[in-house]
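Peer 1: Submitted below is the structure of interest, expressed as structure tokens.
The values are calculated or read from the model by the stated rules, or taken from the named source; none is laboratory data. Quick caveat: nothing in here was measured; it's all calculated off a predicted structure. Don't worry about glycine lacking a Cβ; one is built from the backbone with ideal geometry, like all the others, and counts go over all protein chains shown.
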Amino acid sequence: MSLTLHVDRTRWHDHLTSVVGDHPGIVPVAKGNGYGFGLGMLGRTAAELGADTVAVGTYAEVAHVRETFAGDVVVLQPWRADETDAVHDERVVHTVSRRSDVEALASSRPGTRVILEGLTSMRRFGMGPLDLREASRAAANLKVEGHALHLPMPAGGRGSSHLAEVERFLGTAPAQRWWVSHLTDRELGTLRADHPDVSWRPRIGTSLWLGERSALRPRATVLETHRVGRGDRVGYRQRVIGRRGTVVVVSGGTAHGVGLEAPTPASSTKQRAVSMAKGGLDAAGRALSPFTVAGKQRWFVEPPHMQASMIFLPDGVDVPEVGDTVALDVRFTTTTFDRVTLD
Ligand SMILES: *Cc1c(COP(=O)(O)O)cnc(C)c1O
């Protein structure tokens, strides 16, 4: 009866081991909804892959990941003095992004393991190169595990590179270990070659867990089917059906994140059009659902309900049986599956 993520075990594991093999020092990132897999499964998988450290987003996630992972846990969101969820023990490594926080932590909890974060062109958290150097000095009675840089997404074909930015930090605020996010493989390769004494810890989530899309098959269960004729009314909003067909009730609703699109990063008109096709509204106010039946994406009858959705199949399309499953296209970072199975 559930919304299930089927994972092709062999394909997925081949991909994971190849990413791990290509990224010595990798720190798997397990945060949020666990990229669709859940934090517990990611913790267990990280352990199987031999990772000594995983990164979580927030302190509240530490306990979840620890149900399946016994190594070090880096918290990516920076520590703040008023953080009520903060977890302090030997295996938690805190991120500190302001000089004043370094001082506060140094006086309240000397010996705490910390990573000091540099402020990149991303402009989210961190200190500029000079401040980072000063913070590093002020952290003498903390256990500094290295410095961190979170870079914007790779610039793609635009030819720009993160290297100059990274080099500026390395030159100004040296550290033996650098925790880095979103460097390309090529950039990381160059840095490893140019700085053989530095220990590089690439923090990777999306391209690790979701990098082999063909290994991941989300499926919804058909819960009911109802024949309808032109003029019939259906759903909470009693919308009038325009032609004969079948209303199919499938598992998967707003509680799973179905039909809820995160703001699109699409910047071109063409990309936006593609994104519309994945869940936007048409001129008549109909919304295209993410469910595919008989090879075609189908229209919602009305907006998805909490745990189920109603979609419309026009006459002439083979109607699936109750209990059958249908494919759907989802954004994994906003979808919560009822079950994840390794097939
Ligand atoms: C989420 C996050 C990552 C992982 O990002 P992906 O795009 O999923 O690989 C790395 N570093 C930081 C600081 C993050 O917040």
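Peer 1: Filter region 204-227 down to residues that are crowded, with 18+ Cβ neighbours inside 10 Å and away from the ligand (no atom under 16 Å from the Cβ), then give me how many there are.
Peer 2: So the answer is 6.
Peer 1: For region 175-191, give me each residue that is on the phi < 0 side of the Ramachandran plot and either surrounded by 15 or more Cβ atoms within 10 Å (Cβ to Cβ) or within 10 Å of the ligand (Cβ to nearest atom) (or both).
Peer 2: Ala175, Arg177, Trp178, Trp179, Val180, Ser181, Leu183, Thr184, Glu187, Leu188, Thr190, Leu191
Peer 1: What is the residue count in region 302-328 for residues that are charged (D, E, K, R) and either touching a His at 6+ places or on another chain (Cβ under 8 Å) or at pLDDT below 95 (or both)?
Peer 2: Within region 302-328, residues that are charged (D, E, K, R) and either touching a His at 6+ places or on another chain (Cβ under 8 Å) or at pLDDT below 95 (or both) number 1.
Peer 1: Moving on. Looking only at region 192-242, which residues are touching a strand residue (DSSP E or B) at 6+ places or on another chain (Cβ under 7 Å) and at positive phi?
Peer 2: Listed by number, the residues that qualify are Gly231, Gly235.
Peer 1: In this structure, is Gly146 among the small types (Gly, Ala, Ser), under 19 Å from Glu187 (Cβ atoms), modelled with pLDDT under 95 and within 16 Å of the ligand (Cβ to nearest atom)?
Peer 2: Judged against the criteria, Gly146 is not a match.
Peer 1: Hey, His64 hits all of (1) at pLDDT 95 or above; (2) out of contact with any Leu (no Cβ under 6 Å at 6 or more places or on another chain); (3) over 29 Å from Leu188 (Cα atoms) but one; which does it fall short on?
Peer 2: It fails just one condition, (2).
Peer 1: Would you pick out the residues in region 158-212 that are over 25 Å from the mean Cα position of the chain (by Cα) and of a type in the set (Val, Ile, Thr)?
Peer 2: Thr172, Thr190, Val198
Peer 1: Would you confirm whether or not region 150-161 contains a residue that is at pLDDT 95 or above, surrounded by fewer than 19 Cβ atoms within 10 Å (Cβ to Cβ) and more than 16 Å from the ligand (Cβ to nearest atom)?
Peer 2: no
Peer 1: Considering region 68-102 alone, what residues qualify as being touching a helix residue (DSSP H, G or I) at 6+ places or on another chain (Cβ under 6 Å) and over 24 Å from Gly205 (Cβ atoms)?
Peer 2: Ala81, Arg99, Val102
Peer 1: Conditions first: (1) assigned to a helix (DSSP H, G or I); (2) under 29 Å from Arg133 (Cα atoms); (3) in contact with a Leu (Cβ under 6 Å, 6 or more places away or on another chain). Ser100 passes all but one, so which condition is the exception?
Peer 2: For Ser100, the exception is condition (3).
Peer 1: Looking at this structure, is Gly111 under 27 Å from the mean Cα position of the chain (by Cα) and more than 16 Å from the ligand (Cβ to nearest atom)?
Peer 2: no
Peer 1: A follow-up question, please. Scanning region 230-254 for residues that are of a type outside the set (Val, Ile, Thr) and in a strand (DSSP E or B), which turns out farthest from Val166 (Cα to Cα)?
Peer 2: Arg233
Peer 1: Which condition number in (1) surrounded by fewer than 14 Cβ atoms within 10 Å (Cβ to Cβ); (2) among the acidic types (Asp, Glu); (3) away from the ligand (no atom under 16 Å from the Cβ) is the one that Glu167 fails?
Peer 2: The one condition Glu167 does not meet is (1).
Peer 1: Still on this model: Could you list, in sequence order, all residues of region 204-220 that are small (Gly, Ala, Ser) and closer than 26 Å to Thr53 by Cβ?
Peer 2: Listed by number, the residues that qualify are Gly205, Ser207, Gly211, Ala215.
Peer 1: Which of the residues that make up region 15-33 are small (Gly, Ala, Ser) and either away from the ligand (no atom under 12 Å from the Cβ) or free of Cβ contacts under 8 Å to residues at least 60 places away in the same chain (or both)?
Peer 2: Ser18, Gly21, Gly25
Peer 1: Would you tally the residues in region 127-136 being without any contact (Cβ under 8 Å) to a residue 40 or more places away in the chain and either loosely packed, with under 12 Cβ neighbours inside 10 Å or within 28 Å of the chain's Cα centre (by Cα) (or both)?
Peer 2: Residues meeting the conditions: 2.
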